[in-house]
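Peer 1: Once you've had a glance at the structure underneath, I'll fire off some questions.
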Amino acid sequence: MSEAAEEADSPPSQMSEDDAGSGGSGSGGERWTADLRGGNGGGARCAAAAPDQVLEIVLESVLEFLTAARDRNAASLVCRSWYRAEAQTRRELFIGNCYAVSPRRAVERFGGVRAVVLKGKPRFADFSLVPYGWGAYVSPWVAALGPAYPRLERICLKRMTVSDDDLGLIAQSFPQFKELSMVCCDGFSTLGLAVIAERCRHLRVLDLIEDYLEDEEDELVDWISKFPQSNASLESLVFDCVGGPFNFEALEALVARSPSLRRLCVNHHVSVEQLRRLMARAPQLTHLGTGAFRPEAAPGGGGMSVSELSASFVASRSIASLSGFREVNPEYLPAIYPVCANLTSLNFSFANVTAEELLPVIRQCHKLRTFWVLDTVGDEGLRAVAETCSDLRELRVFPFEATEDSEGSVSDVGLQAISEGCRKLESILYFCQQMTNAAVIAMSKNCPDLVVFRLCIMGRHRPDRITGEPMDDGFGAIVMNCKKLTRLSVSGLLTDKAFEYIGKYGKLIKTLSLAFSGNSDMSLQYLFEGCTSLNKLEVRDSPFSDKGLLSGLDYFYNMRFLWMNSCRLTMRGCREVAQRMPNLVVEVMGDQSDDGGETEIIDKLYLYRALAGPRNDAPPFVKIL
């Protein structure tokens, strides 16, 4: 089970897919620690225990201080006594695939869990490539966790389907519940949020990030007002993805009675006038999501002045992270100047701003370590980032128009500027329409500490825009020069040569995403044979057939999953994998003929390891082989 369900290759508390693992037994900041003198009962147990039990009791006390999940997994494999001791002392349970292990088996093994992190759908669900209704229902997990863990305090869900009834059961089952985070989840509404707010009286964190709520306009519930007056312990409230209007006065009162509130991200219904009122109530905020960042529509124009809003930011000097700006009025951007010098994180991924509008802001952000932005800033805007933000660690450049034939405003010019100015960069996601090998090679040499490199050339099979050559040498340089690389996304015109480079030098790569890439099945063979740490492989719109798939038979058991979409796989090839590897679950979706023709091309393949065997909630369009 430690392999199938516990491979914590990311910090569970953040549910990130970019970083290397930690966070094995913590529970949201508070940690149960063993008192070796007997304060937690350990001394009394040792005194009364038989000699052959003493070692196990001491071992449990020692394991309390082992926090990294990967270390705990290794410890559990030493022998049976270590296995039992590790299970009893684990406080945080991370499940990377909700179908990899049954809820019953998980709760039977781990008895003292205080926090659960659970992931569901494959990552390509973010790009609408996983059909609606595919699964990843949290219901069986909540039903199992309730009786097993009455002292559970924290639940983090990612890409799960969550109903209002599930949220009601969470509120009912865990009297000491403190933290709920849902990222890219769907299926619930403001009715479920109202139950959480009302019944979880010790709630400290409610973070809703990129979720899809299923509210009709006439079914909206006033969930903010359900927080009890006695709740003054709120530390984080994020609901910028909740599309409907809400009771602002109730939010203002909640913020006012929450002196520990550090993170507040509101939705687009909050105007700058209302934002100013919230900031006055919570000058201690360190993370602020601004909402729309535009004034209220007032008859005859008018509205709050920039200087008035600026005064609020002057009084909020503790702000280190800014996001929101969903309907930004650029005229109000100067209001944030007072906090720019202290910012370590700035998210403009919803702000349609130009380079001219960005420059006065970014020129003051010398401490910035994380920056997300739309490609509307162009290469000129990225050049300004490179000239100012020498301490930048993470950059994400998103497309304003995510289509293959859009013009695109950033290119190799912007990427090369970033590589020259931001040499401490560790993670980059870069959407563009055109690129050159020279720019990618420059980044590999200037930013050798890269851990994540995700280059998404949106047009299909785009070569080097100057030489017309494939992008093989660029990606080859990335894997050769960036020795810490664990996550890679490739695109553009690539031949087998690029994948030969990746297989030869990408020994630490755990997550690999391919789009419109490769020219034969040798590409997959190079990856399977060479990338010895490969854990997750995502492939879409590439010319790989059954031969390429079958070249991975000796490696699938070491991977968490393989997703292939719009390739050249047939039912025969997928069925052969299922027959030869019975401990893997092989799901196929779409485009197979009614008579089950073995040569019919299948649209989607999802292959993953599971101790629980095939799932029992697959919809009709999913065929489990």
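The values are calculated or read from the model by the stated rules, or taken from the named source; none is laboratory data. In this text the structure is predicted, and so the values were computed from the model without any measurement. Methodologically, a virtual Cβ is constructed for each residue, glycine included, from the backbone with ideal geometry; neighbour enumeration extends over all protein chains shown. Surface accessibility is based on the protein's heavy atoms, side chains included, excluding ligands, DNA and RNA. Shrake-Rupley method; radii C 1.70, N 1.55, O 1.52, S 1.80 Å.
Peer 1: Kindly check whether there is at least one residue in segment 393-400 that is within 16 Å of residue 288 (Cβ to Cβ) and crowded, with 18+ Cβ neighbours inside 10 Å.
Peer 2: no
Peer 1: If you don't mind, another one. Residues being open to solvent by less than 10 Å² (accessible area, probe 1.4 Å) and modelled with pLDDT of 95 or more: count how many of those fall in segment 202-234.
Peer 2: Total satisfying the criteria: 7.
Peer 1: Let me ask you something else. Which of the numbered conditions does residue 316 fail, given that it passes all the others? Conditions: (1) more than 19 Å from residue 347 (Cα to Cα); (2) modelled with pLDDT under 95; (3) crowded, with 17+ Cβ neighbours inside 10 Å.
Peer 2: (1)
Peer 1: Identify, by number, the condition in (1) surrounded by 20 or more Cβ atoms within 10 Å (Cβ to Cβ); (2) touching a residue at least 60 places away in the same chain (Cβ under 8 Å); (3) farther than 24 Å from residue 190 by Cα that residue 160 doesn't meet.
Peer 2: The failed condition is (3).
Peer 1: Within segment 192-201, track down each residue that is at pLDDT 95 or above and open to solvent by 20 Å² or more (accessible area, probe 1.4 Å).
Peer 2: The answer is 195, 198, 199.
Peer 1: Something else about it: Could you please find all residues in segment 167-226 being within 22 Å of the chain's Cα centre (by Cα) and polar (S, T, N, Q)?
Peer 2: Hits for segment 167-226 are 181, 189.
Peer 1: Given the conditions (1) in a helix (DSSP H, G or I); (2) in the same structural domain as residue 538 (by the TED database); (3) closer than 27 Å to residue 370 by Cβ, report the number of the one that residue 418 does not fulfil.
Peer 2: Status for residue 418: all satisfied but (2).
Peer 1: Show me the helices (runs of 4 or more DSSP H) entirely contained within segment 57-110 in which 2 or more residues are over 13 Å from residue 611 (Cβ atoms).
Peer 2: Hits in segment 57-110: 69-76, 80-89.
Peer 1: For segment 341-353, enumerate the residues that are surrounded by fewer than 22 Cβ atoms within 10 Å (Cβ to Cβ) and either outside any loop (DSSP other than H, G, I, E, B) or in contact with a Pro (Cβ under 8 Å, 6 or more places away or on another chain) (or both).
Peer 2: Hits for segment 341-353 are 345, 347, 353.
Peer 1: Within segment 544-581, which residues are over 23 Å from the mean Cα position of the chain (by Cα), open to solvent by 10 Å² or more (accessible area, probe 1.4 Å) and closer than 22 Å to residue 506 by Cα?
Peer 2: Residues satisfying the conditions are 550, 551, 553, 554, 555, 557.
Peer 1: Can you tell me which condition residue 61 does not meet? The list is (1) surrounded by fewer than 21 Cβ atoms within 10 Å (Cβ to Cβ); (2) closer than 26 Å to residue 559 by Cα; (3) in contact with a helix residue (DSSP H, G or I) (Cβ under 8 Å, 6 or more places away or on another chain); (4) at pLDDT 60 or above, and all the others hold.
Peer 2: The failed condition is (2).
Peer 1: Please verify whether residue 326 is of a type in the set (Lys, Arg), at pLDDT below 95, part of a loop (DSSP other than H, G, I, E, B) and crowded, with 21+ Cβ neighbours inside 10 Å, treating the condition exactly as stated.
Peer 2: yes
Peer 1: On to the next question. Sort out which residues of segment 367-391 are open to solvent by less than 30 Å² (accessible area, probe 1.4 Å), more than 17 Å from residue 406 (Cβ to Cβ) and within 24 Å of the chain's Cα centre (by Cα), and write them in order of number.
Peer 2: 368, 371
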